[in-house]
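Read the structure below first, then the notes.
What follows is calculated from the coordinates using simple rules that are stated; it is not laboratory data. Note that this is a predicted model, so its numbers are computed, not measured. Here the Cβ is made from the backbone with ideal geometry for all residues, glycine too, and neighbour counts use every protein chain on show.
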Amino acid sequence: MANVLIVGKRGRCYRAALRMGHTVFLWSDGPLHESRKEKLAGWVETPFKSCEKGLLTADVDAIQEFNIEFVIAATESSVDIAAMIRKQFKLTGTPLKTTNLLHNKNEMKLEALKHNIPITKFHLISDQDTPEILADKLGLPLVIKPVAESGARGVMVLNNLDEIKLHAKSGLLAEAFVDGTEVSVEKFIHNGVPIFHNITEYLHQWKKSIVPAAFEAELLENIININDRVIAGFGVKNGMTHAEFYLTKNGPVFGEMAVRPPGGYYMELIEYAYGFNPWKTYVELETAATPKPLPVKAKKFSCVFMIHPGAGIVDEVSGIALLKELKEVKQFKCKVEPGILVGERDSTSSEVGHVLMSADSREALLEKLKIVENNLVIKMKQ
């Protein structure tokens with residue numbers, strides 16, 4: 001067993017490492033609750049933004065005392081910091097050059113072009129770009145997004161020149177709008193060789209997804225082949241990737257990729273569908289261990305339904321009792337009650353609750369999901 005530093009506060013990640021017998025240290029993006037510290041060997045509570053230009057001397061000194069052997073990134077915002085620590089202490093793992101490339105969507109797409117990976121048209125907006133120029137380059141509607149955010153933060157679809165003028169600012173990335181189903185591929189890699197994949201189908205972006213996706217074998221194989229080319233092109237050798245693709249009439253096109261576990265409760269969906277703990281596998285791969293053979297096919301289907309009623313003040317919540325009676329519901333959480341103020345939905349982390357479900361067939365699961373959607377009602381004050 002090893003001294004492991006986990007960067008980013010995701011409980012299932014550090015709990016998996018603890019259960020495996022590792023000595024676990026945690027770098028949290030801010031203060032840790034005292035109850036979380038009880039089983040940790042040490043911790044750092046420096047906000048990640050403080051380290052955008054490099055590690056702080058005090059943090060380097062603290063980590064030096066930990067005598068760490070491996071660094072594991074648990075969240076998107078921690079990926080670059082984990083790579084900085086590896087570089088500072090000459091540790092194995094995904095290098096800073098790769099994480100920097102994947103953390104900048106413009107640089108990521110430029111690199112993808114070098115490897116002949118199919119992608120959407122894109123353009124990094126400058127002060128010289130007028131709405132007319134952007135519309136001519138990419139067509140309408142078009143999509144804008146920050147170059148270094150995750151969870152769909154800051155993503156907007158602009159439908160006309162007036163909207164482009166209002167929202168398309170210099171430094172943002174603009175992309176051609178893709179009219180097609182979106183999917184993601186979750187992949188485990190060991191010594192440069194993919195050892196497991198799952199394809200998640202986005203039934204409704206930010207709202208509901210299902211595992212595994214149900215497409216024709218040829219399309220599934222095409223998606224996986226392009227995904228493997230992305231992994232090889234960016235030089236990912238060990239760990240986990242989460243990549244997004246759009247299914248167009250001309251075939252799958254690459255959107256973006258991250259070298260860390262996905263959010264949106266996809267790790268739980270993988271566990272329900274395939275019957276193994278993906279957090280344990282992730283920790284194994286990040287600590288130079290060899291995982292046991294992983295399932296090739298899912299045993300069940302699983303889905304997530306993200307809850308967000310829209311901005312405003314909650315008036316009434318109903319349908320919870322029915323949800324708790326459904327055997328397909330594996331996890332349910334609702335963080336709102338009458339009188340609570342709900343903010344605008346600007347990313348997947350804005351959800352005020354979620355429902356995780358599993359069933360033996362896709363048809364049965366979708367039937368129960370419809371029951372959940374029809375009966376869980378959050379009314380807002382007018």
Gain upon complete extension [Glu45, Gln331; 0.36 nm per residue less C-alpha separation]:
100.0 nm
Return the subset of Lys187/Lys280; Lys207/Lys280; Lys187/Lys297; Lys145/Lys165; Lys137/Lys165; Lys330/Lys370 for which the Cα-Cα distance in this structure is over 19 Å, preserving the input order.
Lys207/Lys280
Amide proton proximity set for Ile119, modelled H, under 5 Å, gap of 5+:
Phe254
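With a 10 Å radius around each residue's Cβ, average the other Cβ atoms per peptide and rank 40-49, 179-188, highest first.
Values: 40-49: 15.7, 179-188: 20.3.
With the highest mean Cβ count within 10 Å placed first, the list reads 179-188, 40-49.
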List the residues, sorted by chain then number, that are 5 or more residues from Lys330 or on another chain and whose placed amide H is less than 5 Å from its amide H.
Leu356, Met357, Ser358
Taking 2.2 N^0.38 Å as the expected size of a compact globular protein, what ratio does the Cα radius of gyration of the range 122-176 give against it, to two decimals?
0.99
Can you compute the FRET efficiency between Arg15 and Lys97 using 1/(1 + (r/R0)^6), with r the Cβ-Cβ distance and R0 = 41 Å? Round to the nearest 0.05.
0.85
Tally Lys and Arg at +1 and Asp and Glu at -1 over the other residues with C-beta under 11 Å from the C-beta of Gly339: what net charge comes out?
-2
Checked the range 243-293 with the C-alpha gyration tensor, a ≥ b ≥ c its square-rooted eigenvalues, rounded below a/c of 1.5, otherwise prolate if a/b is larger than b/c and oblate if not; verdict prolate
Whose amide H sits under 5 Å from the amide H of Leu203, counting only residues 5 or more places off or on another chain, with H placed in the peptide plane?
Lys208, Ser209, Ile210
Identify the trypsin sites (Lys or Arg not before Pro) of the range 66-105 meeting these criteria: DSSP loop state and at most 12 other C-beta atoms within 10 Å of the C-beta.
Lys90
Determine the gain in length on full extension of the stretch Leu32-Lys324; use 0.36 nm per residue of separation and subtract their C-alpha separation, reporting nm with one decimal.
102.0 nm
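Could you give the alpha-carbon Rg of the range 3-91 over 2.2 N^0.38 Å, rounded to two decimals?
Values: Rg = 11.7 Å, N = 89, 2.2 N^0.38 = 12.1 Å.
Normalised Cα radius of gyration, the range 3-91: 0.97.
Given the range 3-91, what count of lysine pairs have C-alpha atoms under 20 Å apart, with each pair 8 or more places apart or on different chains? Walk me through the intermediate numbers first.
Details: Lys9/Lys37; Lys9/Lys39; Lys9/Lys49; Lys49/Lys87; Lys53/Lys87; Lys53/Lys90.
Number of lysine pairs found: 6.
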Any chance you could run the full-extension gain for Gln382 through Lys169? It's 0.36 nm times the residue separation minus the Cα-Cα distance, nm to one decimal.
73.3 nm
Sort 332-338, 363-369 for me by packing, meaning the mean count of neighbouring Cβ atoms within 10 Å per residue, highest on top.
363-369, 332-338
Bin width 10 Å, alpha-carbon pairs only: give the P(r) of the range 289-329 as whole percents, running from 0 to the bin holding the largest distance.
16, 31, 24, 17, 11, 0
Residue by residue, what Karplus-based ³J(HN,Hα) values in Hz, rounded to whole numbers, does the range 261-274 have, using 6.51, -1.76 and 1.60 with θ = phi - 60° and x for Gly and Pro?
x, x, x, x, 6, 5, 5, 5, 5, 4, 5, 5, 7, 9
From DSSP H assignment alone, runs of 4+ in the chain each adding -39500 (n - 2.57), the sum over residues rounded to the nearest 500 puts [θ] at 222 nm at -9500 deg cm²/dmol
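Once Rh for the chain is found with the Kirkwood sum over Cα pairs, what is the Stokes-Einstein diffusion coefficient at 25 °C and 0.890 mPa s, in µm²/s?
On the way: Rh = 22.2 Å.
The Stokes-Einstein estimate is 110 µm²/s.
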Once phi is turned into ³J(HN,Hα) by the Karplus curve 6.51 cos²θ - 1.76 cosθ + 1.60 with θ = phi - 60°, what whole-Hz value does each residue of the range 73-86 show in order, with x for glycine and proline?
8, 9, 9, 4, 5, 9, 4, 5, 5, 4, 5, 4, 5, 4
Radius of gyration and Dmax for the range 301-380's Cα atoms, expressed in Å?
12.9, 39
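Output the Kirkwood hydrodynamic radius of the range 187-226, Cα pairs only, in Å rounded to one decimal.
One decimal place: 11.5 Å for the Kirkwood radius.
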